[in-house]
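No lab work stands behind these numbers, since they all come straight from the coordinates. Computed from a predicted model, the values in this text were never measured in an experiment. Every residue, glycine among them, receives a Cβ derived from its backbone with ideal geometry; neighbour counts consider all protein chains shown.
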Amino acid sequence: MTDDWAPITETEFLVRLEEEKRQLSPVECQRFAEWKVPVGTRGRVAQFSSDGVESVFIVARHAQKVAFFDDIEDEFAIGTIGEEGIISNPGLCGELSTALRLLASG
């Protein structure tokens, strides 16, 4: 991360999401269609190293797991979403396709 980092804008995120969706297989497209959340849905990830929270764009939800975009790391991730909307146990996945595959595996 560089000193000139700034949070991704919703417009930038939507462009990135569309690029990622074009790379999905037919099965992944079906999963995404079933699990997607409304565009612009935000979540919060606990950042234990900074004692704060990071605001992220959630893209899909399956049971208590969510796929989201971590703009600090510039990749998709998954985690468990709690009652208060805080995402815990985040794990980086790279591409949206990998995040969807991991959501499917529980």
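How many nm separate the modelled label positions at Gln30 and Asp74, each set 7 Å beyond the Cα in the direction of the Cβ?
The modelled label-to-label distance comes out at 3.5 nm.
Between Ala63 and Ser105, with labels modelled 7 Å along Cα→Cβ, what's the label distance in nm to one decimal, could you check?
1.4
Could you derive backbone 3J(HN,Hα) for segment 31-41 from the dihedral phi with the Karplus parameters 6.51, -1.76 and 1.60 (θ = phi - 60°), listing whole Hz in sequence and x where the residue is Gly or Pro?
Calculated HN-Hα couplings, in order: 4, 4, 4, 6, 9, 4, 10, x, 4, x, 5 Hz.
Would you mind checking which residues have amide H under 5 Å from Val53's amide H? H placed 1.01 Å from N; only 5 or more apart, or other chain.
Gln47
Taking Cα pairs under 8 Å and at least six residues apart, what relative contact order does the chain come out at, in percent? The partial results should precede the final answer.
Numbers: 160 pairs, mean separation 23.9, N = 106.
RCO, the chain: 23 percent.
Give me the number: length gained by fully extending Val15 to Val37, i.e. 0.36 nm times residue separation minus the C-alpha to C-alpha distance, one decimal in nm.
6.3 nm
Treat the chain as a sphere of radius equal to its Kirkwood radius over Cα pairs and apply Stokes-Einstein at 10 °C in a medium of 1.306 mPa s; give the translational diffusion coefficient in µm²/s, rounded to a whole number.
On the way: Rh = 13.9 Å.
After rounding, the answer is 114 µm²/s.
Residue separation times 0.36 nm, minus the C-alpha to C-alpha distance between Trp5 and Ser55: what's the value? Spell out each step's value before the answer.
Values: separation 50, 0.36 × 50 = 18.00 nm, distance 1.45 nm.
Residue separation times 0.36 nm, minus the Cα-Cα distance, leaves 16.6 nm.
I need the calculated FRET efficiency for the pair Gln23 and Glu83, taking r as the beta carbon distance and R₀ as 35 Å, to the nearest 0.05. Intermediate values should be presented prior to the final figure.
Details: r = 33 Å, r/R0 = 0.95.
Between Gln23 and Glu83 the formula returns 0.60.
Could you pull out every residue, at least 5 positions away or on a different chain, whose amide H is within less than 5 Å of the one on Val59? Hs are placed 1.01 Å off N in the peptide plane, and Pro or chain starts have none.
Distant-sequence amide H within range of Val59: Ala67, Phe68, Phe69.
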